[in-house]
């Protein structure tokens with residue numbers, strides 16, 4: 001038999017996959033993502049470089065806060 005903890009983990013993993021899918025689908029419609037100050041964008045003929053440094057830090061902080069509150073709830 002599958003334990004209750006394993007089942008809860010599978011449900012949480014499924015919810016995370018759905019959340020990532022929704023974020024990827026609607027991500028292009030959020031105007032500030034990828035255009036924050038500190039995001040590096042270089043476009044030249046035949047060359048394109050993009051490093052979303054500030055966006056990565058912001059998303060990391062948001063994900064860390066969400067996971068912190070989830071772990072505190074247990």
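Counting only residues that are over 15 Å from the mean Cα position of the chain (by Cα) and either at negative phi or assigned to a strand (DSSP E or B) (or both), how many does region 32-44 have? So that I can check it myself, show each step before the final result.
Start the filter on region 32-44 by keeping residues that are over 15 Å from the mean Cα position of the chain (by Cα), which leaves 35-44.
Right, trim to either at negative phi or assigned to a strand (DSSP E or B) (or both) and you get 35-37, 39-44.
Qualifying residue count, region 32-44: 9.
Here are 6, 47: which of them is more than 21 Å from the chain's Cα centre (by Cα) and either surrounded by 10 or more Cβ atoms within 10 Å (Cβ to Cβ) or modelled with pLDDT under 90 (or both)? I'd like the intermediate steps shown before the answer.
Working: 47 fails: either surrounded by 10 or more Cβ atoms within 10 Å (Cβ to Cβ) or modelled with pLDDT under 90 (or both).
Result: 6 is the single residue among 6, 47 that is more than 21 Å from the chain's Cα centre (by Cα) and either surrounded by 10 or more Cβ atoms within 10 Å (Cβ to Cβ) or modelled with pLDDT under 90 (or both).
For region 9-31, name all the residues that are part of a loop (DSSP other than H, G, I, E, B) and surrounded by 10 or more Cβ atoms within 10 Å (Cβ to Cβ). Quick ask: steps written out before the conclusion?
Step one: list which residues in region 9-31 are part of a loop (DSSP other than H, G, I, E, B), which gives 30-31.
Result: 30, single match.
Check whether at least one residue in region 25-34 is over 17 Å from residue 66 (Cβ atoms) and in contact with a helix residue (DSSP H, G or I) (Cβ under 7 Å, 6 or more places away or on another chain), and report yes or no.
For region 25-34, residues over 17 Å from residue 66 (Cβ atoms) and in contact with a helix residue (DSSP H, G or I) (Cβ under 7 Å, 6 or more places away or on another chain): present.
The values are calculated or read from the model by the stated rules, or taken from the named source; none is laboratory data. Predicted model, so just to flag it, every value in this text is computed and none were measured. Positions of Cβ are generated from backbone atoms using ideal geometry, with glycine treated the same way; all protein chains shown enter the neighbour counts.
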